[in-house]
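First up is the structure itself, then whatever we jot down about it.
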Amino acid sequence: MGEAIAFYTLAAFILGFAVLVIATKDTVHSVLFLVLDFLFVAALYVLLEAPFLAVIQVLVYAGGIVVLYLFVVMLVNLKRPPEAHQDPRRRTWLGFGLSAAILAELAAIALYSSAGAAPAGPAAALPVAGNTEQVGWLLYTRYLIPFEIASMLLLVAMIGAIVLAKREL
Amino acid sequence: MITSTHYMLLSAALFMIGVIGVMVRRNIIIIFMAIELILNAVNINLIAFSHALQNAVGQVFAIFVIAVAAAEAAVGLGIILAFYRNKETLNIDEMNLMKW
């Protein structure tokens, strides 16, 4: 019962703030709603017994990525509103229709697949207990090479961002 | 009783809001934020299944998704800054240099 109340409250906040993110005119307000949305998703991770991911979500998304967005919003000093000009070939209602089709499709998959699926047995036990220990164990043993590739990707992205944002090389 | 179907439906709804943002808005910064919402929907799905199957692998993949999202945000915002310096606009309807 308590889990249901927590889930529906968090779901309402997550979806409400997500709508505000894409519906607000002011870009700075949009970024701030994005922070709130990420914080509520982190609370949902706590509900799903993934506290390590919740902390990572707060640190990386709400703390790092959003600050990056705020910097860019502050750096671009717009003299006219960014949505002033509209391409006459743009079909906004078609976007809504396609999105509704995607939602219907995903919801149908979720409902039909869960109706007949047998619950899988518990996975092979790891030699460590605790959420953070398990994630760390998997990350440094079975998924070591993807982990190293991710670090390489972040290095490449860092160099790329510096090169792109520099005025002249 | 909250099952993984509930989490999948929440994730599908968040994904749809992100897709609407990408398709309807014309401010490219808002479009990038909608992409972050989509990636968050994917993470909710991964962690819901990690919880349902009692298997931490889903959380490891969520960490990889977060790493890729961080890289995407850094490079994408760098591209936005470089473009803004040349064209003084953030409207994607005016970004058609390589279209025709």
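The values are calculated or read from the model by the stated rules, or taken from the named source; none is laboratory data. Only a predicted model underlies this, so the values are computations on that prediction, with no experimental measurement involved. Cβ placement follows ideal geometry from the backbone for every residue including glycine, while neighbour counts extend to all protein chains displayed. The accessibility values were calculated without ligands, DNA or RNA, using every heavy atom of the protein model including side chains. Shrake-Rupley method; radii C 1.70, N 1.55, O 1.52, S 1.80 Å.
Annotations
Residue-by-condition table, conditions (1) open to solvent by less than 30 Å² (accessible area, probe 1.4 Å); (2) more than 7 Å from chain B (Cβ to nearest Cβ):
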position	(1), (2)
A:Gly64	no, no
A:Val72	yes, no
A:Asp87	yes, no
A:Leu94	no, yes
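- Looking across B:Val24, B:Val42, B:Val75, B:Val19, one residue alone is closer than 30 Å to A:Asp87 by Cβ and more than 7 Å from chain A (Cβ to nearest Cβ). It is B:Val42.
- Residue within segment B:49-69 that is at positive phi and open to solvent by 30 Å² or more (accessible area, probe 1.4 Å) present: yes
- B:Leu53 vs. criteria within 28 Å of A:Glu133 (Cβ to Cβ) and at the interface with another protein chain (Cβ under 7 Å from one of its Cβ atoms): yes
- A:Ala42 meets the stated requirement of being among the small types (Gly, Ala, Ser) and within 20 Å of B:Tyr7 (Cβ to Cβ).
- Selection within segment A:48-61 - buried (at least 19 other Cβ atoms within 10 Å of the Cβ) and either in contact with a Cys (Cβ under 8 Å, 6 or more places away or on another chain) or not aromatic (Phe, Trp, Tyr) (or both): A:Leu48, A:Ala50, A:Leu53, A:Ala54, A:Ile56, A:Gln57
- Restricted to segment B:81-100, and to residues there that are over 19 Å from B:Met23 (Cα atoms) and assigned to a loop (DSSP other than H, G, I, E, B), the residue that is least open to solvent (accessible area, probe 1.4 Å) is B:Glu88.
- The residue pairs whose first member lies in segment A:145-157 and is outside the structural domain of A:Ile65 (by TED's automatic domain parsing), whose second member is in a helix (DSSP H, G or I), and whose beta carbons are closer than 6 Å, counting only pairs six or more residues apart or on different chains, are A:Phe147/A:Leu139; A:Ala150/B:Phe64; A:Ala150/B:Ala67; A:Leu153/B:Ala71; A:Leu154/B:Ala71; A:Ala157/B:Ala71; A:Ala157/B:Ala74; A:Ala157/B:Val75.
- Residue within segment A:16-27 that is open to solvent by 40 Å² or more (accessible area, probe 1.4 Å), under 17 Å from B:Val42 (Cα atoms) and more than 9 Å from every other protein chain (Cβ to nearest Cβ) present: no
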